[in-house]
Amino acid sequence: MKIISIGVAALSSIGLSFAVESCSGQKINRSIEIEIFIDAREVVRSGQQWAETLQKSGADRVNIRTGKIDRPEVDIVQLSSGELIAIKAAVARNRLYLPGGNFGMTEISGIKRLIQSIRDDGVETGLAEKQAFGLTAAQLVALHDLLAQPVRFSTKGIPLQKMLDQLEAQLGHSFQLDQTAIREVDQTSAFQSELRGMSSGTALAVVLRPQQLVMQPHREQGRDVELRIVPSRNADEFWPVGWPSEMTPVKTEPKLFQRLDLQIQGYPLKTTLDAIEKRMGVQMVFDWYAIEQAGIDLEKTKVSFEKDNATYISAINQLLGQARPRLKQELRLDESGRPFLWVTTLR
């Protein structure tokens, strides 16, 4: 058998590989033993009470020992039948110090949740801090990497369900549509833009938006991450259309600040933007839902702009400002780090 000793301080440094492996879908049988170290001065007063309390914790075995340890520790023993997780904890000032938290004697519900989390997900995932969508940092990294894969098929003119089917085949990961989403999907509506080459996560968020749907990663304890498609009105947290850059715009996408001479007189806004996009080499992605809700027809909106030596970004801003209501652009990154302009309404 193989024994891995893990101090609490070391968990964050090794969490990535274990947390990613924990989503393999295989159920691991885990036994949990807790060894409580209590100072000799406290063992008479509270040792028996802690022993009785921890019998309700969900652990398979609890032992009380007299002594001190510097900090809680975990040993993972690999067995042919699964794992034995041996936890060393300490009682000090009548509080129990476990890996992952400290508890008073009346906080048995918190202790039970922690023990069950370790049993379901293993030490690394069970003890890791949960972040967005209730996922660990490692799970978010793994999901981000999955969704960074570029879309390898044309999205223009295809209905949402076909888009989802092709993305599922490409990613090897299924999407779960809730019943409300299934009822509200317009199967006759075809997406208007070409997103081939954009990362899958951002492209999915763009395509879902006109149907007022969003993708919401979700994970039940002890299970794989699910990618749920839900109505946007039911989601406080969802996968976004791209991500902000930590760099300045000129460093994020220098092409936006290249210069050109423009002579535009009364051309349709969409035709003008398409021509600039092709020449500039930076993709413009349209928020069709917000644009249509605002009553803007990009083909009927006529724009003019005449200036020599103008930057692309200043020209785009001037052109978008001529729509009524006005439009704006936001520089964002897809999951692969590729910049694009999100064209939406002023709010």
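The values are calculated or read from the model by the stated rules, or taken from the named source; none is laboratory data. What you are looking at is a predicted structure, and each value in this text was computed from that prediction instead of being measured. Ideal geometry is used to build each Cβ from the backbone, glycine not excepted, and the neighbour counts take in all protein chains shown. Heavy atoms of the whole protein, side chains included, go into the accessibility calculation; ligands, DNA and RNA do not. Shrake-Rupley method; radii C 1.70, N 1.55, O 1.52, S 1.80 Å.
For segment 128-153, name all the residues that are more than 21 Å from residue 242 (Cβ to Cβ), among the hydrophobic types (A, V, I, L, M, F, W, C) and not in a helix (DSSP H, G or I). Please lay out each step first, then the result.
Applying the first criterion (more than 21 Å from residue 242 (Cβ to Cβ)) to segment 128-153 yields 128-130, 134, 136, 138.
Still in the list and also among the hydrophobic types (A, V, I, L, M, F, W, C): 128, 138.
Of everything in segment 128-153, just one residue is more than 21 Å from residue 242 (Cβ to Cβ), among the hydrophobic types (A, V, I, L, M, F, W, C) and not in a helix (DSSP H, G or I), namely 128.
For every residue, the table says whether it meets (1) out of contact with any helix residue (DSSP H, G or I) (no Cβ under 8 Å at 6 or more places or on another chain); (2) open to solvent by 50 Å² or more (accessible area, probe 1.4 Å); (3) at pLDDT 95 or above.
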| residue | (1), (2), (3) |
| --- | --- |
| 233 | yes, yes, no |
| 274 | yes, yes, yes |
| 283 | no, no, yes |
| 287 | no, no, yes |
| 291 | yes, no, yes |
| 325 | yes, yes, yes |
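Residues to consider are 217, 210; find the one that is in contact with a strand residue (DSSP E or B) (Cβ under 9 Å, 6 or more places away or on another chain) and either assigned to a helix (DSSP H, G or I) or in contact (Cβ under 8 Å) with a residue 12 or more places away in the chain (or both).
After ruling out the rest, the residue left standing is 217.
Do the conditions hold for residue 77, that is, is it modelled with pLDDT of 90 or more, among the aliphatic types (A, V, I, L, M) and surrounded by fewer than 18 Cβ atoms within 10 Å (Cβ to Cβ)? Quick ask: steps written out before the conclusion?
Details: modelled with pLDDT of 90 or more: yes; among the aliphatic types (A, V, I, L, M): yes; surrounded by fewer than 18 Cβ atoms within 10 Å (Cβ to Cβ): yes.
So residue 77 fits the description; yes.
Any idea which residue in segment 220-229 is nearest to residue 113 (Cα to Cα), counting only those that are under 15 Å from the mean Cα position of the chain (by Cα) and either of a type in the set (Lys, Arg) or not in a loop (DSSP other than H, G, I, E, B) (or both)? Working first, answer last.
Taking segment 220-229 as the starting set, the residues that turn out to be under 15 Å from the mean Cα position of the chain (by Cα) are 220, 224-229.
This time we only want the ones that are either of a type in the set (Lys, Arg) or not in a loop (DSSP other than H, G, I, E, B) (or both), so: 225-229.
On the way: 225: 20, 226: 22, 227: 25, 228: 25, 229: 28 Å.
So, considering only residues that are under 15 Å from the mean Cα position of the chain (by Cα) and either of a type in the set (Lys, Arg) or not in a loop (DSSP other than H, G, I, E, B) (or both), the one nearest to residue 113 (Cα to Cα) is 225.
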Residues of segment 154-180 being over 17 Å from residue 210 (Cβ atoms), part of a helix (DSSP H, G or I) and in contact with a strand residue (DSSP E or B) (Cβ under 7 Å, 6 or more places away or on another chain), in sequence order, are 168
I'm trying to understand the selection: among the residues of segment 27-45, which are over 14 Å from residue 88 (Cα atoms), of a type in the set (Val, Ile, Thr) and either under 45 Å from the mean Cα position of the chain (by Cα) or open to solvent by 70 Å² or more (accessible area, probe 1.4 Å) (or both)?
28, 44
Being open to solvent by 20 Å² or more (accessible area, probe 1.4 Å) and at pLDDT 95 or above narrows it down to one residue among 170, 192; which is it?
170
First in segment 16-42 and within 15 Å of residue 117 (Cβ to Cβ) and at pLDDT 90 or above, second anywhere and part of a loop (DSSP other than H, G, I, E, B) and open to solvent by less than 70 Å² (accessible area, probe 1.4 Å), Cβ under 6 Å, 6 or more apart
32/59; 34/59
State which residue pairs qualify: first residue under 11 Å from residue 266 (Cβ atoms) and inside segment 302-315, second residue polar (S, T, N, Q) in any location, beta carbons under 7 Å apart, and separation of 6 or more residues or different chains.
303/272; 303/322; 304/265; 305/318
Here the qualifying pairs (Cβ atoms under 8 Å; residues six or more apart or on different chains; first in segment 247-274 and within 11 Å of residue 305 (Cβ to Cβ) and among the β-branched types (Val, Ile, Thr); second open to solvent by 60 Å² or more (accessible area, probe 1.4 Å) and at pLDDT 95 or above) come out as 264/306
Hey, among the residues in segment 51-74 that are outside any strand (DSSP E or B) and over 39 Å from the mean Cα position of the chain (by Cα), which one's surrounded by the most Cβ atoms within 10 Å (Cβ to Cβ)?
51
Would you confirm whether or not segment 246-268 contains a residue that is surrounded by fewer than 18 Cβ atoms within 10 Å (Cβ to Cβ), over 30 Å from residue 232 (Cβ atoms), in contact with a Pro (Cβ under 7 Å, 6 or more places away or on another chain) and at pLDDT 95 or above?
no
Would you confirm whether or not segment 307-317 contains a residue that is of a type in the set (Gly, Ala, Ser) and either at positive phi or in a strand (DSSP E or B) (or both)?
yes
Go through (1) farther than 17 Å from residue 101 by Cα; (2) modelled with pLDDT of 90 or more; (3) of a type outside the set (Ser, Thr, Tyr) one by one and return the number of the condition residue 52 breaks.
(2)
